[in-house]
Amino acid sequence: MIIVGLGNPGKQYENTVHNVGFRVIDRAADKLGAACKHKACDALCAHVYARGEKTVLAKPQTYMNLSGVSVKQLVASNRAQASDVVVVYDDVDLPIGTLRIRMQGSAGTHNGMRNIVQELGATDFMRVRVGVGAERGERMLRDYVLSELRGERKEAIDRAIERAADCVVEYLRDGDADAIMRKYNGAV
């Protein structure tokens, strides 16, 4: 299994809305006693074992809009299939702090997901979407997703990151997607 969190590399993006996926992966890795330090396939990776299987936790370093380049390499390098991939990312179309887990679907409005779908040529992989709301006011979407998290918005998203990390860890340990969806969908 390959679990990928989407984000942008670099200190300037560390605490932005668009780096929620990276933060979930880091938190899940921490809960599993690992850290994403190994460089492979244009990503920072950690390897963990769950249910007797090696799982790769990855943070693509290709920048958000080219995330699929790294994901495609990870799939090939690990002799995996698209259906072995779980992608964790921010979603402005969901209310702030909510989670939505799906086993397949479209890329929606997320450019990183569009690139993954394009590069893999598939849509049958799990998504863990973390709602970051569209509380951008008059700001352009790009400015909103690259803005730094602060105040109540940060607190709500931090709670969602923790829940999403729990979701990832539970899925690794149990492998029951239906139970995970029942438990975490809509969770705040």
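Tell me which trypsin sites (Lys or Arg not before Pro) from region 1-78 have a DSSP coil assignment and no more than 11 other beta carbons within 10 Å of their own.
Lys37, Arg51
Find the lysine pairs in the chain meeting two conditions, Cα atoms under 30 Å apart and a separation of 8 or more places or different chains, and report how many there are.
28
If you wrap a convex hull around the C-alpha atoms of the chain and split its volume per residue, what is the figure in Å³?
About 100 Å³ per residue, rounded to a whole number.
If you take every DSSP beta bridge fully contained in the chain, what fraction is antiparallel? Give it as a percent rounded to 5.
55
If you fit an axis through the alpha-carbon atoms of helix 20-31 and take the longest principal axis of the Cα set of the chain, what angle between them do you get, 0 to 90°, nearest 10?
Result, in degrees: 50.
Ignoring any ligand, DNA or RNA, what whole percent of the accessible area of region 10-86 comes from carbon and sulfur when the probe is 1.4 angstrom?
With neighbouring chains kept in place, the figure for region 10-86 is 45 percent.
What are the trypsin sites (Lys or Arg not before Pro) within region 76-121 that DSSP puts in a loop, where the Cβ has at most 11 other Cβ atoms within 10 Å?
Arg79
Skip the ligands, DNA and RNA, and give the accessible area per residue of the chain with a 1.4 Å probe, whole Å².
Each residue of the chain exposes 47 Å² on average to a 1.4 Å probe.
The values are calculated or read from the model by the stated rules, or taken from the named source; none is laboratory data. Just so it is clear, the model here is predicted, and its values are computed rather than measured. For neighbour counting, all protein chains shown are included, and Cβ atoms are generated from backbone atoms with ideal geometry for every residue, glycine included. Note: areas computed on protein heavy atoms with side chains; ligands, DNA, RNA excluded. Shrake-Rupley method; radii C 1.70, N 1.55, O 1.52, S 1.80 Å.
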